[in-house]
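Novice: Encoded as structure tokens, here's the structure I'll be asking about.
The values are calculated or read from the model by the stated rules, or taken from the named source; none is laboratory data. Please read all numbers here as calculations on a predicted model, not as lab measurements. Neighbour counts are summed over all protein chains in view; Cβ atoms, including those assigned to glycine, are modelled from backbone coordinates with ideal geometry. Just so you know, the surface numbers come from the protein's heavy atoms only, side chains and all, with ligands and any DNA or RNA stripped out. Shrake-Rupley method; radii C 1.70, N 1.55, O 1.52, S 1.80 Å.
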Amino acid sequence: MKFFIDTANLNELKKAKMLGVLDGVTTNPSLIAKESICSNKNDVYKHYISICNFLEKNNGDVSAEVISTNYVDMIQEGETISLLHPKIVVKIPATENGIKTIQYLSKKKIKTNCTLIFSIGQALLAAKAGSHYVSPFVGRLDDISYNGLNLIKEIKTIYNYYHFDTKILAASIRHPLHIIECAKIGVDAVTSPLNIISCLINHPLTKIGLEKFLKDYKNKIC
Ligand code: E4P
């Protein structure tokens, strides 16, 4: 399973690289808006390029989301974003115009990530349109008392039946169990803030065990 980092922050990406969990990056307009260096469209585009350049040469991609909502503008924006860097994947919302845009861009061999997926129907149409990724939002479904992980399981089952090439990129990850359950389901990738991935490391028995090893060693060996 690939670990993508859900951020537009280069410091967070540096830390992820050191931990060996930087297989790709996803951003969205809210994450971009958090970065103080992005105050106009040019800054945003330059920032996408910096993120792409930060990834290893032969590995990983960066999802950059369109902010247009009508078909013609989405296509134009998607094509512009895709030209910024070969690692860019154009992120498109799961709306009717979005699905049409995905179909258009995928015919032109431009990789897309269909985002804001909350239902099997949306995931099916995104796959039919040729999206490279779908991003089902696990945490936001949990927030409204739907089981986000069930949606992931169902999409996985259906994609397997019909041999869709579209990859499942589980998004809106809120805690380490989301990551573990996604791994058990066999998703292609999860995208998560780094602090949640870091939680996977912690175990009280590791801490207790290490303390005892060091104490025993120090008591005997000078
Ligand atoms: C990534 O593709 C999504 O935009 C992101 O995971 C959404 O996360 P949130 O629901 O925590 O905002």
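Novice: Assess whether LYS109 counts as being assigned to a loop (DSSP other than H, G, I, E, B), within 26 Å of GLU56 (Cα to Cα) and of a type in the set (D, E, K, R).
Specialist: yes
Novice: Are there any pairs with C-beta distances below 7 angstrom linking a residue in region 13-25 that is within 13 Å of SER192 (Cβ to Cβ) to a residue that is acidic (Asp, Glu), with the two at least 6 apart or on different chains, and if so which?
Specialist: GLY24/ASP61
Matching residues to (1) over 15 Å from ALA8 (Cα atoms); (2) open to solvent by less than 40 Å² (accessible area, probe 1.4 Å); (3) of a type in the set (S, T, N, Q):
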{"site": "GLU35", "(1), (2), (3)": "no, yes, no"}
{"site": "THR95", "(1), (2), (3)": "yes, no, yes"}
{"site": "TYR104", "(1), (2), (3)": "yes, no, no"}
{"site": "LYS108", "(1), (2), (3)": "yes, no, no"}
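Novice: Same structure, new question: Can you tell me which of SER131, SER145 is open to solvent by less than 40 Å² (accessible area, probe 1.4 Å), part of a loop (DSSP other than H, G, I, E, B) and either touching a Cys at 6+ places or on another chain (Cβ under 8 Å) or free of Cβ contacts under 8 Å to residues at least 40 places away in the same chain (or both)? Steps first, please.
Specialist: Numbers: SER145 fails: open to solvent by less than 40 Å² (accessible area, probe 1.4 Å).
Among SER131, SER145, only SER131 is open to solvent by less than 40 Å² (accessible area, probe 1.4 Å), part of a loop (DSSP other than H, G, I, E, B) and either touching a Cys at 6+ places or on another chain (Cβ under 8 Å) or free of Cβ contacts under 8 Å to residues at least 40 places away in the same chain (or both).
Novice: Within region 173-213, which residues are in contact (Cβ under 8 Å) with a residue 12 or more places away in the chain, open to solvent by 10 Å² or more (accessible area, probe 1.4 Å), within 16 Å of the ligand (Cβ to nearest atom) and part of a helix (DSSP H, G or I)?
Specialist: Residues satisfying the conditions are PRO176, GLU181, LEU194, ILE196, CYS199.
Novice: Go through region 171-199 and give me each residue that's within 10 Å of VAL138 (Cβ to Cβ) and basic (Lys, Arg).
Specialist: Listed by number, the list holds a single entry, ARG174.
Novice: For the subset of region 141-172 comprising residues that are of a type outside the set (A, V, I, L, M) and within 14 Å of the ligand (Cβ to nearest atom), which member is nearest to LEU125 (Cα to Cα)?
Specialist: Filtering region 141-172 for residues that are of a type outside the set (A, V, I, L, M) and within 14 Å of the ligand (Cβ to nearest atom), the one nearest to LEU125 (Cα to Cα) comes out as LYS167.
Novice: Of the numbered conditions (1) small (Gly, Ala, Ser); (2) within 15 Å of the ligand (Cβ to nearest atom); (3) open to solvent by 20 Å² or more (accessible area, probe 1.4 Å), ALA8 fails exactly one; give the number of that condition.
Specialist: (3)
Novice: Pull up region 151-172, narrow it to residues that are open to solvent by less than 70 Å² (accessible area, probe 1.4 Å) and part of a helix (DSSP H, G or I), then point me to the one that is nearest to ASN202 (Cα to Cα).
Specialist: Taking region 151-172 and keeping what is open to solvent by less than 70 Å² (accessible area, probe 1.4 Å), we get 151-152, 155-159, 164, 166, 168-172.
This time we only want the ones that are part of a helix (DSSP H, G or I), so: 151-152, 155-159.
On the way: LEU151: 28, ILE152: 26, ILE155: 30, LYS156: 29, THR157: 32, ILE158: 34, TYR159: 34 Å.
Across region 151-172, the extreme among qualifying residues is ILE152.
Novice: Go through region 32-65 residue by residue and tally those that are within 18 Å of ILE92 (Cβ to Cβ), hydroxyl-bearing (Ser, Thr, Tyr) and free of Cβ contacts under 8 Å to residues at least 12 places away in the same chain.
Specialist: So the count comes out to 0.
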